[in-house]
Amino acid sequence: MAIEEKLKGLKKWELVTRARKLKETRYRRLNKKELIEYIKANYTEQEIKAIIDVKLPWWKRIRDFTHFYGIQTALSLFVGIIAIILAFIFFQSSKKSDAALNKRLDIILKKFENRDPLERDRLIKELKEKNEDLETALKDERAGNTKERKEAINALKKGNPTKAQELFKRRIEKDKVNLAENYLNLGNAYYVDLKFDEALESYNKSIENKPDYHEAWVSKGIALYDLSRYEEALQAYDKAIEIKPDYYQAWYNKGFTLTDLGRHDKALEAYNKAIEIKPDDQSVWNNKGDALRKLSRHEEALKAFDKAIEIKQDYHEALSYKGIALHHLGRHDEALEAYNKAIEIKPDDHDSWYNKWGVLVAMGRLKEAMKAYRKYNELKKNIKK
């Protein structure tokens, strides 16, 4: 019974090709049941087991299949299988392509969430009508690799903000997808040109197009700071922090503004937060030291200045501030050494010469002090010219 069940498990072409006595054409006309009965009647039990247990590699199975059905039938089946496989691959590829297109479309559509409804609908319709429009918009969104944008940025780098302003204005007229970014860049071009009011106007337009644009909020804060509108600058930095709590530049500039307002405790908090985010920036360590110095916490200030110098050994400003902290601690020799190092790095730094004069007076070295003061006056006059 078990042998008969195993025979039934084989296909007709397998029975015929494995049982050599059945290779005659007339036996191919028998149905499977008749073939099994014939095998049971004409083969020994050992031969039947051999038929069942034979293990053929795939290529021999294809050969036997071809012998049984004929080469034309086999080829037709093979071509059919290949066609099915190719159709499946094409279908999957098409699905992936559609998914990618939808994903790209979603990225672009997010740009229009805060636009005027009529303008947004028009832009969305335009993007949907032509895939090439979508591709162009996406490339501009990801890389901004248009000729005018590159020219504008190069103009800024080369110190030609007027040309950059003209080119960014053209970008705003042509590129309705990246308005927030283009207005931000236009504002930067105005800022470099010291046109702080125009810069502020551009930053505001950038924010109008993208209210959660944290970079634009910080840039707005910087422009407000340079317009001496310090409280408004702080509000802009706080908005950027609300959008992106780990935005280093917002915390750094907030600390800087608070220092100028004399709120040194709050400035110190902002600098500490900035250091948590970016501990390897010498400027924030230097500013932290300055805030501590103004709070008369000179030992702590000294550690902050040392950290800044550790990060950037030729940081003349930190060396000069370190000298001030040492001076207040009564460590005059070390203070003088710090001032001399600062002057060695930047000989035309009038503040270091002034600080050197002060410590030399405190040390009673008046002749050297007068030389330092004359040098300070000379450099100060050159700055005024």
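The values are calculated or read from the model by the stated rules, or taken from the named source; none is laboratory data. Note that the coordinates shown come from a computational prediction; the quantities given were computed from them, not determined experimentally. Virtual Cβ from ideal backbone geometry, glycine too; neighbours counted across all protein chains shown.
The rows are residues; the columns are (1) surrounded by 24 or more Cβ atoms within 10 Å (Cβ to Cβ); (2) among the aliphatic types (A, V, I, L, M).
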| site | (1), (2) |
| --- | --- |
| LEU295 | no, yes |
| LYS303 | no, no |
| ALA318 | yes, yes |
| TYR321 | yes, no |
| HIS328 | no, no |
| ARG331 | no, no |
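State yes or no: is ALA362 surrounded by 17 or more Cβ atoms within 10 Å (Cβ to Cβ), in the same structural domain as LEU336 (by TED's automatic domain parsing), over 45 Å from the mean Cα position of the chain (by Cα) and over 21 Å from ASP314 (Cα atoms)?
no
Limited to region 295-305, what total is found for residues that are within 11 Å of TYR321 (Cα to Cα) and over 33 Å from the mean Cα position of the chain (by Cα)?
Residues that pass the stated criteria total 3.
Could you check VAL284 against (1) surrounded by 24 or more Cβ atoms within 10 Å (Cβ to Cβ); (2) under 22 Å from the mean Cα position of the chain (by Cα); (3) among the aliphatic types (A, V, I, L, M) and say which number it fails?
Only one criterion is unmet by VAL284, namely (2).
Checking GLY330 against (1) within 28 Å of LYS288 (Cβ to Cβ); (2) in a helix (DSSP H, G or I): exactly one of these is not met. Which one?
(2)
(1) out of contact with any His (no Cβ under 9 Å at 6 or more places or on another chain); (2) farther than 20 Å from ILE311 by Cα: which one isn't true of ALA240, the others all being true?
(1)
All but one of (1) within 24 Å of GLY255 (Cβ to Cβ); (2) surrounded by fewer than 22 Cβ atoms within 10 Å (Cβ to Cβ); (3) of a type in the set (D, E, K, R) hold for ASP290; which doesn't?
So ASP290 meets the others, but not (2).
Any residue at all in region 345-361 that's among the aromatic types (Phe, Trp, Tyr), over 28 Å from GLU300 (Cα atoms) and in contact with a Phe, Trp or Tyr (Cβ under 7 Å, 6 or more places away or on another chain)?
no
State yes or no: is ASN340 buried (at least 16 other Cβ atoms within 10 Å of the Cβ) and of a type in the set (S, T, N, Q)?
no
Of the numbered conditions (1) at pLDDT 90 or above; (2) more than 28 Å from LEU258 (Cβ to Cβ); (3) among the aliphatic types (A, V, I, L, M), ALA236 satisfies every one except a single condition; which is it?
Going through the list (1) at pLDDT 90 or above; (2) more than 28 Å from LEU258 (Cβ to Cβ); (3) among the aliphatic types (A, V, I, L, M), ALA236 breaks only (2).
Can you confirm whether region 197-206 contains a residue that is not assigned by TED's automatic domain parsing to the domain that holds LYS307, not small (Gly, Ala, Ser) and not in a helix (DSSP H, G or I)?
Scanning region 197-206, I find no residue that is not assigned by TED's automatic domain parsing to the domain that holds LYS307, not small (Gly, Ala, Ser) and not in a helix (DSSP H, G or I), so the answer is no.
Determine which member of the set ALA308, ALA267, ALA338 is over 26 Å from the mean Cα position of the chain (by Cα), part of a helix (DSSP H, G or I) and within 26 Å of LEU224 (Cβ to Cβ).
Just a single option satisfies the conditions, and that option is ALA267.
With the condition kept exactly as written, say whether any residue in region 182-196 is of a type in the set (D, E, K, R), at pLDDT 85 or above and in a helix (DSSP H, G or I).
No, region 182-196 contains no residue that is of a type in the set (D, E, K, R), at pLDDT 85 or above and in a helix (DSSP H, G or I).
What single numbered condition from (1) more than 23 Å from LYS312 (Cβ to Cβ); (2) in contact with a helix residue (DSSP H, G or I) (Cβ under 8 Å, 6 or more places away or on another chain) fails to hold for ASP280?
ASP280 satisfies all of (1) more than 23 Å from LYS312 (Cβ to Cβ); (2) in contact with a helix residue (DSSP H, G or I) (Cβ under 8 Å, 6 or more places away or on another chain) except (1).
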